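All remarks here apply to the structure that follows.
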Amino acid sequence: MGSGQESKVLPVVQPIVASNTEHGYLLSGVLTNPKAKDWLMGNYVNQIMYTLRYGPDMNFYPLVNHTQCPCIDYLRISRDLIMKKWEDVFAFILDMIDHDYYIMLYLDTYYIPCSDWYQNDWHFWHPTLLYGYDRTRKVCSVGDFYIHRRFGFKELSFDDLRKAFYSDAKRDMLFLNQRYFGSEDAVLYRNRTDFAYRFEPEALKIQCENYLNSTNLSHLCNLGDGYYFAEAVYGIETLHKLEEIIAGENLKKVNFKFFTVPAERTQLMLERMDYLGEKGYLETAGGIKDGFAEIDKMYKILLSLTLKYNMTKDRKILQKIKENIQNVYEKEEALFEYMISHIKLV
């Protein structure tokens, strides 16, 4: 299996965007490459709300970036091919890591001790990052939502990983899981040492305009997928959609991703203001950053209120959530308008 070396662990960092595994998986490794900073600053600007089987969900737009990220070499290998061409899943994992590939693989969390779904009634399949191994200790280095449902890094024994991969529990996957998140495949990437990418302020400005105008971007989806996203809500209008959801009479639980996604987007915007100021693309970046810092605090309040509502079901809390969303909307609208009008394109 692999090169025969006893252990290897690819470098990872805590990703600034990780409310969805597909983003945490990518940025955990990509951001270990300093050259990737320019690409990061030009992406993760927009967000989308769409309806899944269990209700509405929030994500960044595009939903996945590994297919178009210039910083990596990208592969997808089907589970069926893995089982046919490699001795077992460990031969595949070790082989890929030995060739510097990070792996995202769907596993049955029922068999993962560090997961909240460990030995639960429900066999919940979820994408997991694999980035290292130790033959002597018989463990793999993995990343997923292990620590209070926040993305983090743990170790998983070979035995538990084998059970989680070869589980015969039903794999009832949504279209998104299959088409974009690789539920039937291993999604792999490795960092490129050299790649052609240049930060374009004009491209950033267009993304900001799309966010502010809530432009429907379904026509940009993969061929044939536009129908799925045509009814989705994009950009700042997702905040108004959240108000509608919060006002619902039978709301049993508020989805944390309603606010973790925009909170991460705002935290990244804080870094982006420093970047634009240093590069000379935005002379007033410091003042705009102060505004986004206020929004960052608002999202922390919203997350706290969400936790309280989910625990108490006190509908008075929903009114506070709605009021805070309205405040965020007004603040964001003014900041994006100002930023768009002041970005220097050269």
Discussion item. Can you tell me how many residues within the stretch 139-166 are at pLDDT 85 or above and assigned to a strand (DSSP E or B)?
Written reply: 14
Response to the item:
Among Lys253, Lys300, Lys308, Lys316, the single one that is in contact with a helix residue (DSSP H, G or I) (Cβ under 6 Å, 6 or more places away or on another chain) and part of a helix (DSSP H, G or I) is Lys308
Worksheet item: Looking at Arg137, Arg149, which one is assigned by TED's automatic domain parsing to the domain that holds Asp88, among the basic types (Lys, Arg) and either free of Cβ contacts under 8 Å to residues at least 12 places away in the same chain or more than 24 Å from Val64 (Cβ to Cβ) (or both)?
Response: Arg137
Item to complete: Tell me which residues, restricted to the stretch 191-222, are part of a loop (DSSP other than H, G, I, E, B), of a type in the set (Gly, Ala, Ser) and modelled with pLDDT of 90 or more.
Response: Ser214
Item to complete: Quickly run through the stretch 80-100 and pick out the residues that are within 23 Å of the chain's Cα centre (by Cα) and surrounded by fewer than 19 Cβ atoms within 10 Å (Cβ to Cβ).
Response: Asp100
Practice prompt. Kindly provide the set of residues from the stretch 116-138 that are assigned to a loop (DSSP other than H, G, I, E, B) and among the acidic types (Asp, Glu), ordered by number.
Written response: Asp116, Asp121
Practice prompt. For Ala169, indicate whether it is closer than 30 Å to Asp38 by Cβ and modelled with pLDDT under 90.
Written response: no
Response to the item:
In the stretch 90-107, anything charged (D, E, K, R) and either within 21 Å of Ser167 (Cβ to Cβ) or without any contact (Cβ under 8 Å) to a residue 24 or more places away in the chain (or both) is listed as none
Worksheet item: For the stretch 31-73, how many residues are surrounded by fewer than 16 Cβ atoms within 10 Å (Cβ to Cβ) and more than 20 Å from Gln267 (Cβ to Cβ)?
Response: 10
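The values are calculated or read from the model by the stated rules, or taken from the named source; none is laboratory data. Just so it is clear, the structure is predicted and the values come from calculations on it, not from any experiment. FYI the Cβ positions are ideal-geometry reconstructions off the backbone, even for glycines, and counts take in every protein chain you see.
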